[in-house]
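Here the structure comes first, spelled out in C-alpha cells, and everything after it is commentary.
The values are calculated or read from the model by the stated rules, or taken from the named source; none is laboratory data. Please read these numbers as outputs of a predicted model, since none were measured by experiment. Cβ placement follows ideal geometry from the backbone for every residue including glycine, while neighbour counts extend to all protein chains displayed.
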Amino acid sequence: LAPRLPELPFGYVHIVYALYRPLADVPGLADIQVKGPWRDAARLLIQDPGEERRLAAKLERVGGAVSTEGASAAVKAQYEAHPYPRWSMAVRRKPLPIHEIAAGLFPHADLPDWPARRLDVLIAGSGTGKHAADVSTRFQGARIQAIDLSRASLGYAARMLKNRPGMTFAEADIMELGNWEQRFDHIESVGVLHHLADPLAGWRILTGLLKPGGSMRVGFYSKRGRSRIEAARSALRDAGFHGQSDADLRAARTFAMAEPDGSDARKAADELDFYAASGARDFLFHAEEHELSPAELADMTEALGLRVLGLELTHSDAASLYRQRFPDDPAMADLMRWDAIEAEHPDIFRHMCQFWCVSSGV
C-alpha cells in the first residue's frame, strides 16, 4: 500500500495507514499539498514530523557524548522510537517570581534568597517539551535551558515551542555533564532521575550545576505508589510481551483489554498512557526504571547535602493525613514521616513523589 499512497488523494486510506505506521516515513509524501478538511490531518501526520526531524538535526550537544551502551543508550533508543509525552497544549497562567511561587507552596519553609535578576533554569530531561512549556509560564522572566537524551523528543519540543522566547534546547546525557561549566539558579528534573542506571549519581551531577543558593525540584516514582503498575508489567512480561515495537505494544494492549476486570494486566487500562504507543511503552515497558520510597529519598538527600523545602502534593488527602499524624510539623517536609504515612496510605504518591530542595547550608 505504501508505494501507492503518494498517488492517492489524501483521505481515509492515509489515516488508516497512519494507525499502523508513520505516514512521514512514506517516500513521496513529504511535499504533498493538501487542502480542505484533510489539511490539519496531513500537517499532523506528515509536515510536523518532517519539521521535527529538521529541527532535531540542528540541535547542539552539551557535555560529553551520549553513551552507546548501558542504560543511557537503551533509554535514548526508547525515546527516539517513541517520543513522550505527545501534547498539544501547555498550562496557561500568569508567571510569577520564583520566591512568590515557593512561598505559596511552602509557607512554613525557610526559603533561599533567589536573585532578583532573570532566573536561569535547567530542565534536565525535558522530553518533548511539555515540562519546559509549563515552567516557562510558571516562572516570571525565566531563561530556560532544556536538555534530553533523545533528539526525536527534542525535535518535537523545538517545533512546539519555536516561538517561545527564552527557551534553548540541547542534546545531553545527565551522566556526562560532570564537566559542564554552565550553572543554574533552579533545576527541575521530574520523572527523569529514576530512569538512570544510578539515580543518586545523576542527582549528584545535577546538584553540582546549581549556583550558590540555587534550588531544585525533583520527582521520583514511588515504590508503593507504582505497585499496581508493576503488577501489570509482571503480568504482561509473563505473557511474553516486551513492548519494544509498535506491533508488540498493540498486541500487549489487546491482551490486557481481553483479560478479566480486576486482573493485574487489565488494570493497565486504567492509566491514560495505556492508549498511546509512546505512553504505554513508557509506563509498562521502560528500558530502565527504579521505584523509590520516601525513606530512600530521605537518605539520598542527606547523602547529597540537600534540605527539603516541601512537597508538591497531588493527592487530595495527603496534607490532612500528615497534619493529623504530625500536628507539630507545619512545614510537612520530612520525607521519613511521609514514608510512615505512605506505608498506611500507599496511593498518596501514586503518580510521583515531587519536592523542592536546596543545599543544606542555604
(request) Taking only region 333-362 into account, find how many residues are β-branched (Val, Ile, Thr) and in a helix (DSSP H, G or I). (result) 1
(request) Hey, can you tell me all the residues within region 77-111 that are assigned to a loop (DSSP other than H, G, I, E, B), of a type outside the set (Lys, Arg) and under 27 Å from Gly155 (Cβ atoms)? (result) His82, Pro83, Tyr84, Pro85, Trp87, Ser88, Met89, Ala90, Val91, Pro95
(message) Considering only residues that are surrounded by fewer than 12 Cβ atoms within 10 Å (Cβ to Cβ) and assigned to a helix (DSSP H, G or I), which ones fall in region 1-38?
(response) Pro3, Arg4, Glu7, Tyr12, Val16, Asp25, Gly36, Pro37
(request) Sort through Ile205, Ile174, Ile187 and tell me the only one that's over 17 Å from the mean Cα position of the chain (by Cα) and under 22 Å from Gly305 (Cα atoms). (result) Ile205
(request) Could you look through region 112-162, keep only residues that are small (Gly, Ala, Ser) and assigned to a loop (DSSP other than H, G, I, E, B), and pick out the one that is farthest from the chain's Cα centre (by Cα)? (result) Ala116
(request) Can you give me the number of residues within region 303-361 that are surrounded by 14 or more Cβ atoms within 10 Å (Cβ to Cβ), at pLDDT 95 or above, among the polar types (S, T, N, Q) and over 22 Å from His290 (Cβ atoms)? (result) 0
